[in-house]
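The values are calculated or read from the model by the stated rules, or taken from the named source; none is laboratory data. Computed from a predicted structure; not experimentally measured. Note that we place each Cβ from the backbone using ideal geometry, even for glycine, and neighbour counts take in every protein chain shown. Keep in mind that these areas ignore ligands, DNA and RNA; they rest on the heavy atoms of the full protein, side chains included. Shrake-Rupley method; radii C 1.70, N 1.55, O 1.52, S 1.80 Å.
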Amino acid sequence: MFGYLVGRLSQAVVVVFVMSVIVFVGVYAIGNPIDVMIDPGATAEIRENLIRQYGLDQPLWRQYFTFVGNVFQGDLGRSMVYNISVTSLVFSRLPATLELVLVSVTIAAVIGIPAGLYAGYRPNSIAAKLIMALSVLGFSVPTFWIGMLLIMAFAVELGWLPSGGRGEVGNFLWFQTSLATTNGWSHVILPAINLSLFKLGLLIRLTRAGMVEAMGAEYVRFARAQGLPDRQIVFSHILRNISIPVVTVFGLELGSTLAFAVVTETVFNWPGIGKLIIDSILQLDRPVMVSYLVMVVILFVIINLTVDLIYARLDPRVRLKGGS
Amino acid sequence: MAMIDHSTEAAPPPETRAMRLRNFWADYRQSWVAVAALIVIAALLLGSFFSPFWVPQNPYDLAGLDWLDAFLPPGTVGSGGYAHLLGTDNAGRDMLSAILYGLRTSFLIGLTAGVLALAIGITVGLTAAYFGGRIEALLMRVVDLQLSMPAILLALVMVAMLGQGIAQIIFALVVAQYAYFARTTHGAASVERRKDYIEAARSTPLPTSRIMFKHLLPNVLPPLIVVATVQVASAISLEATLSFLGVGLPLTEPSLGTLISNGFKYIHAGRYWLSIYPGIFLMITVVAINLVGDQVRKVLDPRNSR
């Protein structure tokens, strides 16, 4: 197990290193950030000074090592647009994204699991067919388009909910969140529904597949033969058995919520980190781009590593094969 | 004697390609929804690729636009003397013309990216399955890593590095999507690889590439067809998403996503037609392709064969 752990860890470090080089070189290969930052009428001297100040006169490999050295000291650089450190910029935007993800995951779980259970319990009923058609829509229709329809329906036509922004934030424990105010909730609900649709479709399909399989299983037939009511069989026997794969896949998918948050945050003008990365790409704010992308790479490498290690812990064949 | 008679009677006639195609179609048309989806796709493909010949206006020709025609609601007759069935946009473009030109761009990008990703994915998957060992471990590790990240994020990274334009978008989509084909090819090919006919082919002096592409590939194609359909739909929707986020195609060569993004600015002013019609076309296209893919998967699934 120890050998396997070391092998996987060193692989993860290599992946992060390679990806950070690719991202760094790729991002710094496009355009000249100085042109974006200063007034075209500025003198050549100001230009030179600024280039030297940001270390852009150095060769690319030295810039990369300066960047890595700074990262290890907790310094991700300064945003060229906001002129504050990238670390504080990201941390100021993170709560907004986290609360959005939290609400949308809750919506997906609260609606998706019962709907999936029902669709698997009565697979031929009209309601089940409707639920499945809905899950296909959640999968295939682009997120931004659904978000726009939600705005058109509930913000423009009906006028029930605001069309964008985060609204009022209130204090909850030691941090600020819009989940602490009614106004904040009215702002979060539409984007959260939008972000939840993909997960909802996934959850419905997973639960339904598990349910259909379980309905034909021996233990369910046995429970039925014992005369247990269906309600008890579904909720205390089947639900427990199908919850493991459902939770696993769902946990894995949490990382991708971050990716879809980019789209939802742009549609609803939600000031989270997804909006931040799009704005920084459009404004060529390189330190923010590089930091965000490297952080995402690290996040996904950690998710992968955790999954690998858990599987290795549960299944001896994996670590034997991987260790050789 | 009776035994021999019986066996010759029972021997099935060799299955020709035409027969297989006929059987496939007989299974496919069991679902009228899937047949309707196929008709819709054909209509959209023909309508958009021949759009220069039949739509009232060339939306890229800025000289042909009249500012007085801006924001005409659907059905209004403009200065050109014809009715704008789906209205006009902020520059006075006929929306129907712009949508069909945009749909053509979307199809072109989706199909090109799909075919390129298919070719690269097949090569990677076959190489990994055929050679095995370290090559397989390395290639599939990269593929797995890519699959663990959402395609939209990979495409966003590529666009951030490459900049905007049709070629860049296609490249970004290929990078984001080839891994799905590589995974599927590898899965199917590693099973086929161990069968006797490949061993037999390997014992002859045939070149490796010929064994890979002429002997191995045809037997791993069916699952790839399904993945390809779904991936073309997802390429179209990815491209639309990138364009909507403002990092895709510029408004001078609009795809459906660019049109929706442009119209999005005007929804608060009640000018819904600028964004809702391109969106409906996008949705119909993507859903129809997915429905076809779903049915093809059902038909090709060996568990469903009679």
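Observations on the structure shown:
- Qualifying residue in the range B:297-306 (condition: open to solvent by 40 Å² or more (accessible area, probe 1.4 Å), within 26 Å of B:I169 (Cβ to Cβ) and either more than 10 Å from chain A (Cβ to nearest Cβ) or at pLDDT 85 or above (or both)): no
- Output for the range A:264-280, where each listed residue is open to solvent by 10 Å² or more (accessible area, probe 1.4 Å) and not hydrophobic (A, V, I, L, M, F, W, C): A:T266, A:N269, A:P271, A:K275, A:D279
- Counted residues, the range B:270-285 - those being more than 9 Å from chain A (Cβ to nearest Cβ), open to solvent by less than 10 Å² (accessible area, probe 1.4 Å) and under 21 Å from B:L111 (Cβ atoms): 2
- Checking A:P245 against (1) within 25 Å of A:V16 (Cα to Cα); (2) open to solvent by 10 Å² or more (accessible area, probe 1.4 Å); (3) touching a residue at least 24 places away in the same chain (Cβ under 8 Å), the condition it does not meet: (1)
- Among the residues making up the range B:146-163, those that are over 18 Å from A:V18 (Cα atoms) and outside any helix (DSSP H, G or I) are B:P150, B:G163.
- Selection status of B:L108, open to solvent by 10 Å² or more (accessible area, probe 1.4 Å), closer than 30 Å to B:I267 by Cα and out of contact with any strand residue (DSSP E or B) (no Cβ under 8 Å at 6 or more places or on another chain): yes
- Restricting the range A:62-80 to residues that are in a loop (DSSP other than H, G, I, E, B) and either among the aromatic types (F, W, Y) or touching a strand residue (DSSP E or B) at 6+ places or on another chain (Cβ under 8 Å) (or both) leaves a set whose member that is most open to solvent (accessible area, probe 1.4 Å) is A:D75.
Listed here are the residues, each with its yes/no results for (1) modelled with pLDDT of 85 or more; (2) part of a helix (DSSP H, G or I); (3) not β-branched (V, I, T).
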{"site": "B:S209", "(1), (2), (3)": "no, yes, yes"}
{"site": "B:P223", "(1), (2), (3)": "no, yes, yes"}
{"site": "B:S237", "(1), (2), (3)": "yes, yes, yes"}
{"site": "B:A240", "(1), (2), (3)": "yes, yes, yes"}
{"site": "B:G246", "(1), (2), (3)": "no, no, yes"}
{"site": "B:P254", "(1), (2), (3)": "no, no, yes"}
{"site": "B:L274", "(1), (2), (3)": "no, yes, yes"}
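- Restricting B:L216, B:L274 to those that are touching a residue at least 60 places away in the same chain (Cβ under 8 Å) and within 29 Å of A:S280 (Cβ to Cβ) reduces the list to B:L274.
- Pick from the range A:281-297, criterion open to solvent by 50 Å² or more (accessible area, probe 1.4 Å) and under 14 Å from B:V157 (Cα atoms), ranking: nearest to the chain's Cα centre (by Cα): A:M295
- Restricting the range B:160-170 to residues that are among the aliphatic types (A, V, I, L, M) and closer than 16 Å to B:G110 by Cα leaves a set whose member that is nearest to the chain's Cα centre (by Cα) is B:I170.
- In the range A:251-263, the residues that are open to solvent by 30 Å² or more (accessible area, probe 1.4 Å) and either among the aromatic types (F, W, Y) or within 10 Å of chain B (Cβ to nearest Cβ) (or both): A:L252, A:E253, A:L258, A:F260
- Residue match in the range A:47-61 (condition: under 19 Å from A:Y82 (Cβ atoms), modelled with pLDDT under 80, in a helix (DSSP H, G or I) and open to solvent by less than 60 Å² (accessible area, probe 1.4 Å)): yes
- Scanning the range B:167-196 for residues that are at pLDDT below 85, open to solvent by 60 Å² or more (accessible area, probe 1.4 Å) and in a helix (DSSP H, G or I) gives B:V191, B:D196.
- Residue selected from the range A:21-46 under the condition open to solvent by 70 Å² or more (accessible area, probe 1.4 Å) and assigned to a loop (DSSP other than H, G, I, E, B), by the criterion modelled with the highest pLDDT: A:T43
- For B:S237: the one exception among (1) over 14 Å from B:A119 (Cβ atoms); (2) open to solvent by 60 Å² or more (accessible area, probe 1.4 Å): (2)
- Residues of the range B:98-116 that turn out to be over 13 Å from the mean Cα position of the chain (by Cα) and hydroxyl-bearing (S, T, Y), as a count: 1
- Residue count for the range B:219-244, restricted to those that are more than 14 Å from chain A (Cβ to nearest Cβ) and touching a residue at least 24 places away in the same chain (Cβ under 8 Å): 9.
- Condition met for B:L162 (at pLDDT 85 or above and surrounded by fewer than 21 Cβ atoms within 10 Å (Cβ to Cβ)): no
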